[in-house]
Amino acid sequence: MTEPNGINRLNRRDFVKAGLVFGAGASALAAGYAAVPDAFARAIYALKRAGGRSDAVLVMIQLAGGNDGLRTVIPLRNSVLHDLRPQLAAASIAKALPMNNDFGLNHNLPRIAKLWDRGKVAVVEGVGYPQPSLSHFESIRVWETGDPSRRQVNGWLGRTISRAYDSYGHPLTGCGCGVSGTPGSLKDVNSTVAVIESQQGFGFVDDDLAATVGAVYHKTPGLYGALFDTAVATVHQTVAELKRVPAVKEGDPTPSYSKDANNQLAAALKLGAQLIIAGTGVRLLHVTLDGFDTHQTELAAHDTLMTYLDEAVGGFYDELSKQGRASNVVIATWSEFGRRPEENSSTGTDHGTAAPLILIGDPVAKGVYGQTPDLKRLDDDGNIKYTVDFRSVYQEILDTHLGVDAKEILGSRFDRIPFLL
Amino acid sequence: MGGIAIAAGVGGVRLISESEREASTGSPSLSPKVVGEVAAWPRPTDAERARIATLLRRTTFGYTSAELDAASRDGFERTVDRLIESRFTEPLDLIKSEDPTRGAQLGVEDLQRWWLAQMLASPARFTERMTYFWHGHFTSEVDKSGGLFMYWQNLSWRRMAFGKLGDMLAAVTVDPAMLTYLDLATSDASDPAQLPNENYARELLELFSMGPGRYTEADVKAAARALSGWTTPPADSQVEVVTDKDTGAKEMIDVWNRQGPGVLDASKTFPSNVTFLGRSGRLDLKAIVGQVLSHPDTAPFIARKVAVHFVSSNPAPETISELAGAYRRSGYDTRALLRAAFMSREFSAPQSYRSLVKSPVEFMAGAAMAVGLPVKDSVDLMVGYGDATGEVLFSPPNVAGWPPNRGWISPATVLARLNFVGQLLSSVDPLPAAGDATNLHLDGVLGPSTQRRLAAATTEKEHWLALLASPEFQLK
């Protein structure tokens, strides 16, 4: 194996440092990254060229199904809420973990509340978009593409990868953890994205198969040819990268962040932490917690989901922190919509609109941002009128955290919400 | 059969549209985006036989050489007729009458094993294939709806596999699994001041009949009110069973003696008029379904869905309107719609060749049948790969079912498909002679890399590996 410039001898962290020096000279940049030997190096190189921060990590947590914002960040002194939710409101408010005089976190979020006390949590109130769709699938697409006009087909993080990281892809720059399908936010026709359901299962069952597949998936004709070839190339590269990640061993003090095997978010974030700690070059992680479509008997179901979220995020943050890797990681929740302020006849809530988002991490500036929606002035469907465009949140993440020009990705500028340090 | 056609470098070059990946949700069409130039598959040497093989790949879970020969003798149109006249066959009863409590204890794997065996062994393969189509369209989920109701739902879609849409919409509304899955069973509209549960009403319009944006939020509320009161049928009895053999823990479980639809609880119905899609009055289930069927977007929406599953991943507007016209004229008869789909010009157009991606179940069943793995072993292997390939039967990712075609392809799911092939080939010993398999399964139409690998294969295993792990075999 040739080792031009000795780059393959360096580990990833060393390379980041080396890359900073390497990237400092404009002439070196102008030489173009085609000469740079491996995919990881090319990714760093492309990022330097685009002016991005090479070491920032973003973890997007999708609360799929439409999370009830009013039961996550709970208004403590809003009498209207009691009127709208005779069954659902009182207990939630009484048990809430106070953040300040006006808001409390759901009582199943004690570890996130502790992070709030330590100054590492921001809440953005009233996040939504104009002419909201109450369809899960339409609204998911709006959030994934970052485009309420529904013309954009690529994901906002996929566009970020293809514009600011590398068109040809270090496979682990973007990664969907704990799922089998590619997350929509990370999709882009020009970006390669890894999808790893579990580390144990990721690899070929035998060498003959790997060799055959390696030979066959080249220049495949037809509509899906490039898609299949790229998927298989990504598998090969990811398998190679994962060899660097120590598997979860028996006796690992934190084999999972949850005792409940149903908490798949805990397993997904555990895998994410391993990828980060092993220095695989992962930058944009997407994980999902499903089950938030609480049309009926919401209390028990939502309590469980809040517990899952708290265990997973708490465990993830603590592990990264212990390993000295938390300083550049931002965790952000998103959901296709909040839920209707008024409860329905099944002791649940129907599809709503705007809701608060939670951001967590060392780079986060503690506070409640945005404007709290007025529950007395709902729209014609009885839903909340948004006060903060969700793209303001994306913009701050892109500009301040990832160091990528948000206007390039989102197409225009939005009000700034300064929830990052 | 003639020789092997190989794709030449940049043979027929054409542009592909990115908008097709939205096909599954029926979202408003997006402006096509050019993503690059791709080489087309070469023309099969025997185009008519390839057309018939394509039909079999899209309407069954696998076929034998004798079946392809018989279909070729019949010709394309007679084969279409034979397929859509598939007799209904009632599957093996999963619940033995001597143990009525079994229904309450059906788990997801029991259901999967029962159905997969049916798919692999039933002589009425297209009936199973259509049951599978409806399983993804009028979809429900076992964790929420429970094993027994999911079993009933599967039996219903098989009986109605080639039925009329109006009957299916009426059936799905009062289907116990759906009543549970989308919460209609819990909705109470008796107090007009209180909100009914909108979950089912919204998906009835958005996903089951006309597509998003074709109705107002007021229509959703009106349908939710009009349909409130339908709830799951009461159990016939309660029986105490041991739920944990180790501890001897017992539990009372509900037992139903036979399958039945939901029932109307008059105390939860809406007490006054609603206005739904322009019609006002005390609308009942029949009236709601009637309004849905009279909506101009219903026929094109279902026609499009059928087309992206059976014709082409990005069907032309003319194809949709042709299919929708046949569907509407026949009073929404599934047979008429399917016949129009298979007989459409687009089905047989060169650009529709291999324009669909096999679902994991289709891919795995076809591969297992190709190498003659016994049904029971095939079922075991397929159940084990459901999650990793992205398709756990009876447990869809969400109420929209499984997104087809491109939706099946990710690094993780492709890896799982390939590993399935690896494990399959080590489960069959000895392997059958690969002989004419390239012609039987791939019409002799190969890309250059697959062709090279097949030519270099020296053992049966290498031959089958190159064939079943090829991108060609993933397509239909």
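The values are calculated or read from the model by the stated rules, or taken from the named source; none is laboratory data. Note that the structure is a prediction, hence the values are computed from the model and not measured. Because the Cβ atoms are built from the backbone with ideal geometry, glycine has one as well, and the counts that use them run over all protein chains shown.
Of all the numbered requirements in (1) under 23 Å from residue A:221 (Cβ atoms); (2) away from every other protein chain (no Cβ under 14 Å); (3) not in a helix (DSSP H, G or I), residue B:355 misses one, and that requirement is (2). Looking only at residues in segment A:199-225 that are buried (at least 17 other Cβ atoms within 10 Å of the Cβ) and under 28 Å from the mean Cα position of the chain (by Cα), the one that is farthest from residue B:353 (Cα to Cα) is A:199.
Considering segment A:334-345 alone, what residues qualify as being surrounded by 24 or more Cβ atoms within 10 Å (Cβ to Cβ) and either more than 14 Å from chain B (Cβ to nearest Cβ) or not aromatic (Phe, Trp, Tyr) (or both)?
First, pick out the residues of segment A:334-345 that are surrounded by 24 or more Cβ atoms within 10 Å (Cβ to Cβ): A:335-341, A:344.
Residues satisfying the conditions are A:335, A:336, A:338, A:339, A:340, A:341, A:344.
Exactly one residue out of A:67, A:154, A:108, A:100 is farther than 22 Å from residue A:360 by Cα, part of a loop (DSSP other than H, G, I, E, B) and in contact (Cβ under 8 Å) with a residue 24 or more places away in the chain: that is A:154.
So if I check each of A:307, A:280, which one is farther than 30 Å from residue A:373 by Cβ, more than 14 Å from chain B (Cβ to nearest Cβ), of a type outside the set (Asp, Glu) and in contact (Cβ under 8 Å) with a residue 24 or more places away in the chain?
On the way: A:307 fails: farther than 30 Å from residue A:373 by Cβ.
Among A:307, A:280, only A:280 is farther than 30 Å from residue A:373 by Cβ, more than 14 Å from chain B (Cβ to nearest Cβ), of a type outside the set (Asp, Glu) and in contact (Cβ under 8 Å) with a residue 24 or more places away in the chain.
Among the residues of segment A:253-274, is any within 11 Å of chain B (Cβ to nearest Cβ), touching a strand residue (DSSP E or B) at 6+ places or on another chain (Cβ under 6 Å) and at pLDDT 80 or above? Within segment A:253-274 (the criterion being within 11 Å of chain B (Cβ to nearest Cβ), touching a strand residue (DSSP E or B) at 6+ places or on another chain (Cβ under 6 Å) and at pLDDT 80 or above), the answer is no, since none of the residues qualifies. If the condition is being modelled with pLDDT of 85 or more and assigned to a loop (DSSP other than H, G, I, E, B), then segment A:159-179 contributes A:173, A:178, A:179. The strands (runs of 3 or more DSSP E) found entirely in segment B:166-278 that carry 2 or more residues being at pLDDT below 95 are B:237-244, B:249-255.
Counting just the residues of segment A:231-248 that are outside any helix (DSSP H, G or I) and under 30 Å from residue A:291 (Cβ atoms), which one comes out modelled with the highest pLDDT? For segment A:231-248, the residue satisfying everything is A:245.
Is there a residue being buried (at least 24 other Cβ atoms within 10 Å of the Cβ), touching a helix residue (DSSP H, G or I) at 6+ places or on another chain (Cβ under 6 Å) and more than 7 Å from every other protein chain (Cβ to nearest Cβ) anywhere in segment B:371-378?
Filtering segment B:371-378 for residues buried (at least 24 other Cβ atoms within 10 Å of the Cβ) gives B:378.
Then keep just the ones that are touching a helix residue (DSSP H, G or I) at 6+ places or on another chain (Cβ under 6 Å); that gives B:378.
Applying the additional criterion that residues be more than 7 Å from every other protein chain (Cβ to nearest Cβ) yields B:378.
Yes, there is a match, as at least one residue in segment B:371-378 is buried (at least 24 other Cβ atoms within 10 Å of the Cβ), touching a helix residue (DSSP H, G or I) at 6+ places or on another chain (Cβ under 6 Å) and more than 7 Å from every other protein chain (Cβ to nearest Cβ).
Restricting segment A:190-230 to residues that are among the hydroxyl-bearing types (Ser, Thr, Tyr) and part of a loop (DSSP other than H, G, I, E, B), the residue that is farthest from the other protein chains (Cβ to nearest Cβ) is A:191. Set side by side, the residues A:375, A:420 differ, and just one is in contact (Cβ under 8 Å) with a residue 40 or more places away in the chain and either within 14 Å of chain B (Cβ to nearest Cβ) or under 21 Å from residue A:79 (Cα atoms) (or both), which is A:375.
Considering only segment A:381-421, state which residues are part of a loop (DSSP other than H, G, I, E, B), of a type outside the set (A, V, I, L, M, F, W, C) and either surrounded by fewer than 21 Cβ atoms within 10 Å (Cβ to Cβ) or in contact with a Pro (Cβ under 6 Å, 6 or more places away or on another chain) (or both).
Of segment A:381-421, the ones part of a loop (DSSP other than H, G, I, E, B) are A:381-387, A:403-405, A:411-419, A:421.
Filter once more, so that each one left must be of a type outside the set (A, V, I, L, M, F, W, C): A:381-383, A:385-387, A:403, A:405, A:411-413, A:415-416, A:418.
Passing the criteria: A:381, A:382, A:385, A:387, A:403, A:405, A:411, A:412, A:413, A:415, A:416, A:418.
Screening the candidates A:346, A:327 for the property of being at pLDDT 95 or above, assigned to a loop (DSSP other than H, G, I, E, B), of a type in the set (Ser, Thr, Tyr) and out of contact with any strand residue (DSSP E or B) (no Cβ under 7 Å at 6 or more places or on another chain) yields one hit, A:327. Annotation note: of A:174, A:178, the sole residue that is more than 7 Å from chain B (Cβ to nearest Cβ) and touching a Phe, Trp or Tyr at 6+ places or on another chain (Cβ under 9 Å) is A:174. The residues listed here are B:173, B:232, B:186, B:216; of these, the one that is within 11 Å of another protein chain (Cβ to nearest Cβ), crowded, with 21+ Cβ neighbours inside 10 Å and of a type in the set (S, T, N, Q) is B:186.
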